[in-house]
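Report on one structure; see the data block that follows.
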Amino acid sequence: MVLGDPGSGKSVLCRWFALQMAYSISQQNKLDCVDLGPPRLPILLRVSKFAEFLKQKHKTFEHWQEAKQQDDSNDVYIFLTEYQDEDFLSFYINNPANETISEQQKHRSLHAISALCQQGIDTQQAILLLDGLDEVIDLNWREGIRDALDHFITQKIIPDASNAQVLNSALAIPGEVGGNQVVVTSRITGYSLAQLKNQRAAHFIIQPLDDDNVTRLCQRVGAVIDADETSPTGIAFLKTLQNPKHRTLDRLKRNPLLLTTLLFYFVAHENTLPATRVELYQKLTLDLVRRWGLTEPDGQDNKHIAASLRNKIGVYLKDVPQQEREEFFLKLLSTVAINIHKNYSSGRITRKNLETMLVKELKGLIGINPLKVESNDFIHDAKQLADLVAERLGVLVELGPNLFGFFHLTFQEYLVGWKLLHLSKTQVSTVQNLLVHFKEHLEDARWREPLLFAFGELAHQNPPKVNGVAVQFLNALADELNKLPLGDDRIFFMADLLDEMDGSQPISNAWQVVLKSLLHGYAKCGLRASTANRQQRFAEKIADLRRRQPDLVNHYCLDLLNTDDRMAAPIAHLYWQRLWLASGVLATFSKRQHLDTAVWGWPMYYALSQSIKANQTLYAEPLEKLSLPAECNASDELGLRLSTNNGHCGVS
């Protein structure tokens, strides 16, 4: 089980596993192939496809449960042997010339692939890669699919055999003994509602990128952009990112998707960076829309399949202000996004459904500039726009034959958030309306990111002031949450909300509520191995807040350390582990050292004993002789002096 935040690389990891196994089977690209043990047949599918298969077969969840009581068959195995879908076909069949495949050829190919999957599983030579357990909308279906996966693992991955050799193999390291394997991915948020029950299923969490990996990824992507291994673009981007004024982007750069997205934004916007995640997605969405060529009438590229539509929409919007022009396209896309998010767990809709939605939104042009709109065949326009989406890469793309969806789930979630915010016309109704949506969807993991984007859009659109709309909303939400028990998910969600605000936004009452909850959550974890991952998440959230408001966080933590005896050791442990050891912190440790405890690993003692005292000067005696290679033109003696001034360590 692989867990990670949106954009952390879960889907990419599944594709990488599939590619490496394909290399291993075909004996190709040996230099690029990573040794993952005995070769296995890769079977890559989205969990939402499994859900669709079950719904088509059983119609309702209740009927599925009744069928299972009558026949305890292996639903995952049946799915893999009966699944007939063109997406599945495109994964295994290389068709570089995009040649037309007859229905008969498709049927034969799909039958052959199903037989191949069945053979791979039956002979214990397959790896099943199921991506996106969290994308199953209905919790009953998600729990049922979880149970089906557990059943499959029990029967096909860890066989219940009396044969000692088979049993030992099942318990051994997969990379050494072979056999079937399953990799399932899910977002962290929401996984607790439907966890795998099998005790032998290993769980992994994709950690945020550290500074070294941020640098490596930027240099690699920059080298591709520049077609130059020295990566001048990547180096310039890293230098700009390190500017203190961009510290609000620190959390974004820890995410692989957002980091590469920031880099492409940097290139497209003349070496500048956005202030917030919402600004990043808004501008990138509009950048991708411009690839359709619909924003301006240019009269060129008349051979293009939708050139007339491009000119027509350009004429509609010719005298419309830029902001309204952008809002039209955001409204167009957000209507599609919220429809998909509510009704299609696979994230895909048919061409017919897309055209129906586009007709409705294209008619909305009349409300923008009625003088520019004549009687038009909007159905024809919608068909042209769907053709354009299929032909040119944009934020909305053709993901399969006559199946459309968004370039990445996070773009869909941003547009859903934009739609939620713009359902009301006035600021007062916006706050109240958004609060209703938050209360309605707060417990649904699939709506967490859209809600975060909705609040980020609210903060981005309103200028910062003490009683600003964003602050009013945060305070109202904090009051609502105070009426409920603050579980881990709610605490992390509130912390993420604060992260959507830029550094210029004023501090609200929610900051203290969230920070207090995070610190107490960290303390409750203790130093137990069973809660180490959970404690790490608390620490990361506190660190995010501290990067944005260092004075506020330090003042609150030290005040709590001075006044609350029960919190003294946990806070000291946090500061010691994160190396937040300024002179004021050490002075507080010195006063409260009597509260230090072995339960927390004596953090105050170690921090004080290993720190350099103020006004202390350390000297190292010069070496009498230093042996150096003959080619080095260096001194034979080396002197080193470490000194501290006003509590700061310097080297001379």
Along the Cα→Cβ direction, 7 angstrom out, place labels at H594 and L116. What is the inter-label distance in nm?
7.4
Net charge of neighbours whose Cβ lies under 11 Å from the Cβ of Q181, counting Lys and Arg as +1 and Asp and Glu as -1
+2
Amide H contacts under 5 Å for L44, restricted to residues at least 5 apart in sequence or on another chain and with H modeled in the peptide plane, are L129
Extension reserve of the E327-D488 stretch, reckoned as 0.36 nm per residue once the Cα distance is removed:
54.4 nm
Taking K and R as +1 and D and E as -1, what net charge do the other residues with C-beta under 9 Å from the C-beta of A572 add up to?
0
Rounded to 0.05, the calculated FRET efficiency for the beta carbons of N74 and E270 at R₀ = 60 Å is 0.60
For a protection proxy built on the mean count of beta-carbon atoms within 10 angstrom, sort 61-68, 513-520 highest first, please.
513-520, 61-68
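Given R₀ = 45 Å, what would the calculated FRET efficiency be for A529 paired with N343, taking r from the Cβ atoms and rounding to 0.05? Before the final figure, lay out each step's value.
Values: r = 43 Å, r/R0 = 0.95.
E between A529 and N343, to the nearest 0.05, is 0.60.
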So between Q105 and N402, what do we pick up on full extension, going 0.36 nm a residue minus the alpha carbon distance?
105.0 nm
Highest mean packing first, using Cβ neighbours within 10 angstrom, the peptides 583-594, 128-139, 406-417 sort as 406-417, 128-139, 583-594
In nm, spacing of pseudo-spin labels at T60 and V436 (7 Å Cα→C-beta vector):
3.0
Among 598-605, 535-542, the order from most to least packed when residues are scored by Cβ within 10 Å on average
535-542, 598-605
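May I ask for the net charge around L452, where only other residues with Cβ less than 9 Å from the Cβ of L452 are counted and Lys, Arg are +1 while Asp, Glu are -1?
Details: positive: R277, R448; negative: E413, E449, D496, D499, E500.
Computed value for this residue: -3.
Could you give me D for the range 1-80, from Stokes-Einstein at 37 °C and 0.692 mPa s, where the hydrodynamic radius is the Kirkwood radius over C-alpha pairs? Units µm² s⁻¹, please. Walk me through the numbers on the way to the answer.
Values: Rh = 15.4 Å.
Using the Kirkwood radius from Cα pairs, D works out to 213 µm²/s.
Please find the FRET efficiency linking N243 to Q155, where r is the Cβ-Cβ separation and R0 is fixed at 45 Å, and quote it to the nearest 0.05. Each step should come with its number before you reach the end.
On the way: r = 56 Å, r/R0 = 1.23.
With R0 = 45 Å, the Cβ-Cβ based efficiency is 0.20.
No value in this document is a laboratory result; all are computed from the given coordinates. Because the structure is predicted, anything quoted here is derived from the model rather than measured. Every residue, glycine among them, receives a Cβ derived from its backbone with ideal geometry; neighbour counts consider all protein chains shown.
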